[in-house]
Amino acid sequence: MNKDVLIIGGGIAGIQASLDLADMGVRVHLVENLPSIGGKMAQLDKTFPTNDCAI
Amino acid sequence: MLDVGRHPNIELLAYSEVENLEGQAGDFKVFVRKKARYVEENKCTGCGACDEKCPTMVPDAFNEGLGTRRAVYAYFAQGIPSTRTIDPDHCRQLNGKKCGICAKVCQAEAINFDQKDQIVELNVGAVILAAGYDVFDPSLIPEYRYREIPNVVTAIEFERLLSASGPTGGHVDRPSDLAVKADIEPLEKKIKKSSRALEKFEKKYDQTSQEFYNTFTSGEFNDDDDRKKWADKYTDHLSIVQILEGLKEKAKTFGPAKRLAFIQCVGSRDFRFYPFCSGYCCMHSIKEAIIANEHEPETTSTIFGMDIRAVGKGFEEYKIRGGKTSGITYVRGRVAEITEGPEHNPVVIYEDTRERKVDSQDFDLVILATACAPPKGMVELSKILGIALDDYGFVKTSALSPVDTTVPGIFVCGCAESPMDVPESVAQASSAAERAAEIVFQPDFEKGKAIA
């Protein structure tokens, strides 16, 4: 049984899944195609309905 | 994002792609291609000295091509990892020209033009696919004339115009105005250069260019080649000055876009493309209209939609608040066509189904609420993983197992599964994380999952 998990995609979903698993003590490999993680959400200025900053 | 970068349990493989996957749930072998950045990740401090000096300008993908970046770049300012990357398509050195300025200014000696792609082999128990989505390409809808009319933009492009860290510093400048401003800078550079050339002549002959030109046009020095050059330089200089003055005069009349139109369901709820609702675009448009109004209180917005789907906690209240305090008008109807009026103003032709009339109205800027489309490369990736896609290219799941793909041990979350907003993506990500944890923590997971 292998205890590592591979996550493909470093947007908000991939980041959340990585952090959840890593906090449980699972070793996570997060693969992102672009030079930096963040995905589409990083491109957003604010998020609805609270107008919080996206980054 | 920062937490991912420093969490001891997370190995971040940015600028990488999954090449191959073998095995089964509990024991997958994965090959990942780490693309060459031409910058050593363990040496780069992210200081940015290289991208200050890089001479090559490239359209900035993070800003949807509305701004520029250098050939050596950080994908965006707060990006994790902060390691710079060299764009092999645009770097002068990598394309056989003489340059290497970045390597000279890098004190950490992190630039390595000989770096090669690396294949990393990983052994994992489970896989979570969170490949996200791509914005639907609205140029597939010819009647909206995206890319033909400069002041028709997508919602994500508008997001970059609104952002304080965007190409306009948060000022909602129209793309047609930005294009004029972009023309001014190279002309100014040209004028500086020609002024210097003229100065040399002026020193040499101890005369101002204008005085010389007056005597030259009266017929003197006609057989003096050097002075002829001077005269040519001077006429060129004058013509550039004239063009520049014209552009500058024009730019004085530019102001922020204050009359905005948002067009809903661009590609979604459209039987030619995606017949389903993308879910988040109504709220996205309302949010952008509210933020635009916060930036510039005179801004008014008209949202054209079949209906405004504000389904979610606090969403309906947000929509009403937008209408009452942020200058938003909601028009029920679909837009038939966008044409271009004077001053590059887009003209929206629409049917108002409440008033039962067909009308047209001109705006400063039109924003298209584009559909959520599966990401490019999803078909190839699904073949590598062996998972099935649905008819539209999203990952196939079932209603009672919304994060399970057709391959045991591979889970999906976020927009790769179907269109969804940020809170839903986060909830689904936690759900997928839990399903993956079941596999890595429970040796007898193969017994099968109990379904509610």
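The values are calculated or read from the model by the stated rules, or taken from the named source; none is laboratory data. Remember, it's a predicted structure, so these values are computed and weren't measured experimentally. Every residue, glycine among them, receives a Cβ derived from its backbone with ideal geometry; neighbour counts consider all protein chains shown. The protein model used for the area step is the full one, side chains on, heavy atoms only, and it has no ligands, DNA or RNA in it. Shrake-Rupley method; radii C 1.70, N 1.55, O 1.52, S 1.80 Å.
Observations, loosely collected:
- Looking only at the range A:1-42, and only at residues there that are in contact with a strand residue (DSSP E or B) (Cβ under 7 Å, 6 or more places away or on another chain) and in a helix (DSSP H, G or I), the one that is surrounded by the most Cβ atoms within 10 Å (Cβ to Cβ): A:ALA17
Rundown of residues vs (1) in a loop (DSSP other than H, G, I, E, B); (2) hydroxyl-bearing (Ser, Thr, Tyr); (3) under 26 Å from the mean Cα position of the chain (by Cα), yes/no style:
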{"residue": "B:ILE290", "(1), (2), (3)": "no, no, yes"}
{"residue": "B:SER301", "(1), (2), (3)": "no, yes, yes"}
{"residue": "B:LYS313", "(1), (2), (3)": "yes, no, no"}
{"residue": "B:GLU317", "(1), (2), (3)": "no, no, no"}
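- Complete set of residues in the range B:308-333 that are under 16 Å from B:LEU260 (Cα atoms) and touching a residue at least 40 places away in the same chain (Cβ under 8 Å): B:ILE328
- Some residue of the range B:231-245 being loosely packed, with under 13 Cβ neighbours inside 10 Å and under 25 Å from B:TYR146 (Cα atoms): no
- Qualifying positions in the range B:346-393 - polar (S, T, N, Q) and outside any strand (DSSP E or B): B:THR353, B:SER382
Table: residues versus (1) in contact with a Cys (Cβ under 8 Å, 6 or more places away or on another chain); (2) closer than 28 Å to B:THR405 by Cβ.
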{"site": "B:ASN9", "(1), (2)": "no, yes"}
{"site": "B:GLY26", "(1), (2)": "no, yes"}
{"site": "B:THR56", "(1), (2)": "yes, no"}
{"site": "B:ILE86", "(1), (2)": "yes, no"}
{"site": "B:ASP89", "(1), (2)": "no, no"}
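- Against the test of being within 14 Å of another protein chain (Cβ to nearest Cβ), under 22 Å from B:PHE31 (Cα atoms), touching a residue at least 24 places away in the same chain (Cβ under 8 Å) and of a type in the set (Lys, Arg), the options B:LYS376, B:LYS383 yield a single qualifying residue, B:LYS376.
- Here B:PRO8 meets the list (1) in a loop (DSSP other than H, G, I, E, B); (2) free of Cβ contacts under 8 Å to residues at least 60 places away in the same chain; (3) touching a strand residue (DSSP E or B) at 6+ places or on another chain (Cβ under 7 Å); (4) not polar (S, T, N, Q) almost entirely, failing just condition (3).
- At least 3 residues being surrounded by fewer than 17 Cβ atoms within 10 Å (Cβ to Cβ) is the threshold, and among the strands (runs of 3 or more DSSP E) wholly inside the range B:35-128 those reaching it are B:118-124.
- Each residue in the range B:289-331 was checked for being within 18 Å of B:SER278 (Cα to Cα) and either within 14 Å of chain A (Cβ to nearest Cβ) or open to solvent by 10 Å² or more (accessible area, probe 1.4 Å) (or both), and 12 of them qualify.
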